[in-house]
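Bear in mind that the values in this text are calculations on the coordinates, not laboratory data. Model, not experiment: these values are computed from the prediction. Cβ sites come from the backbone with ideal geometry, for glycine too, and all protein chains shown count toward neighbours.
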Amino acid sequence: MERVASKDEARRAAAEARAEGKTIALVPTMGALHEGHLSLVRAACERADYVVVSVFVNPTQFGPGEDFETYPRDLDADLQLLAAEGVDLVFVPSAAVMYAPDASVTVDPGSLASRWEGEIRPGHFVGVATVVTKLLSIVRPDLAYFGEKDYQQLQVVCALVRDLDLGVGVVGRPIVRDRDGLALSSRNARLSPSQRQAALAIPAALEAAAQALAWGEREARALERAMFEHLAGVEGLSLDYAVVVDPDTLEPLEQVQRSARALVAARIGDIHLIDNCGLEPPATPASEGATTRE
Ligand code: AMP
């Protein structure tokens, strides 16, 4: 496994692989790697001949007062994990390497970025869209892997690639959870045992929404209420949003008649946690009939 810190080295290594006719996959990460990240890496290794992982805690996607300074970092452990997965290239730039002191151009992440995380973290998706565009420009992969854990980010990246004709296949991968249901996140390392207990209300809320849907509830507000019931009054947990949205536009829904997404964000102390799940209404007898006829 080759490790590089400069954009030129990363560009050169990827260009060499491209010249050899290899399919290139990029997995962007902020490090402190866990099984969620590794699931992306494994999927990339299965599909591509040459796998690049970037490890970069991108300062421009953190707002003032957010946890950029305290974000978990463990490069030695990350490198060991990535080597064991058979990754070809690890790109570990510094902020000074990524951003020239006079850099002023940023990427507008578009309308999908205005709500939810975009609203509670102003500027976050500008930072994400800009760094993802830069990483894609440096590595020029055929495929780029992102987790559904950051569902809005995945949608923003899909729109970015489509609207700016970046010519890369975006692959979204399912959320990896701990045994207790908590979605794996680098930030979980900062939770105390009691905070972790409080955090479990998040997957429980999502589960409640999915369960209510399975029992026949179609009203989005009622599904949201089912989530609030799990999240309200949890000591130490401050809810940012718990919503049922269209999975493509991320606009709030009135009714769930086809696939939807439940999104939750909460703060536990200064630790920001997000999670989500797909909501699939069970087929009605009429639609079952239609399916059978097809
Ligand atoms: P991060 O290091 O948090 O920026 O995450 C890097 C990539 O890993 C993003 O595409 C995330 O969506 C993805 N990821 C993070 N946690 C998980 C998880 N629990 N399951 C699946 N993918 C994840």
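Using only Cα atoms and rounding to the nearest 10 degrees, what angle (0 to 90) does helix 201-214 make with the longest principal axis of the chain? Taking the Cα atoms of the chain, the angle to 201-214 is about 50 degrees. Using only the Cα atoms of the stretch 160-294, build the gyration tensor, take square roots of its eigenvalues as a ≥ b ≥ c, and label the shape rounded, prolate or oblate: rounded if a/c is under 1.5, else prolate if a/b is larger than b/c, else oblate. Here the stretch 160-294 falls in the oblate category.
Once Lys and Arg get +1 and Asp and Glu get -1 on their Cβ, which of Leu223, Gln211, Val176 lies farthest toward the positive end of the dipole of the chain? Highest projection toward the positive end goes to Val176.
Compared with the alpha-carbon gap, the fully stretched path from Arg73 to Ser94 is longer by 6.3 nm at 0.36 nm per residue. Site pair Ser192 and Asp270 shows an inter-label distance of 1.5 nm when each label is modelled 7 Å from Cα along Cα→Cβ.
Phi-derived couplings, Karplus 6.51 cos²θ - 1.76 cosθ + 1.60 at θ = phi - 60°, listed residue by residue for the stretch 77-92: 4, 4, 5, 5, 4, 5, 5, 5, 7, x, 5, 8, 9, 10, 9, 10 Hz, with x used for Gly and Pro. For the stretch 57-107, applying the loop criterion from DSSP together with a ceiling of 10 other beta carbons within 10 Å to the GluC sites (Glu not before Pro) yields Glu69. Arranged from fewest to most other beta-carbon atoms within 10 Å of their beta carbon, Ser259, Ser104, Ser186 become Ser104, Ser259, Ser186. Label-to-label distance for Asp163 and Glu229 is 3.8 nm, based on points extended 7 Å past Cα in the beta-carbon direction. Using Cα atoms only, what is the angle between the long axis of helix 35-47 and the major principal axis of the chain, expressed in degrees (0 to 90) to the nearest 10? So the inclination is approximately 60 degrees. Within the stretch 249-284, the trypsin sites (Lys or Arg not before Pro) that combine a DSSP coil assignment with at most 16 other C-beta atoms in a 10 angstrom radius are Arg258. For Gly169, the amide hydrogen comes within under 5 Å of the amide hydrogens of Leu143, Ala144, counting only partners 5 or more places away or on other chains and with H modelled in the peptide plane. Considering the options Val132, Ser185, Ala199, tell which one lies farthest towards the positive end of the dipole of the chain, charges being +1 on Lys and Arg and -1 on Asp and Glu at the Cβ, about the Cα centre. Result: Val132, furthest along the dipole toward the positive end.
The charge dipole of the chain, taken about its Cα centre with unit charges on the Cβ atoms of Lys, Arg (+1), Asp and Glu (-1) only, comes to about 240 debye. Helical runs (DSSP H, four residues minimum) scored at -39500 (n - 2.57) apiece and divided by the length of the chain put the mean residue ellipticity at 222 nm at -12000 deg cm²/dmol. Amide H contacts of Gly147: Arg173, each under 5 Å away and 5 or more positions distant or on a separate chain (H built 1.01 Å from N in the peptide plane; Pro and chain starts excluded).
Annotation for Arg218 and Arg47: the two label points, set 7 Å from Cα along the Cα-Cβ direction, are 3.4 nm apart.
When the charge dipole of the chain is built from unit charges on Cβ atoms (+1 for Lys and Arg, -1 for Asp and Glu) and taken about the Cα centre, the candidate among Thr70, Ala283, Gly147 whose Cα reaches farthest toward its positive end is Gly147.
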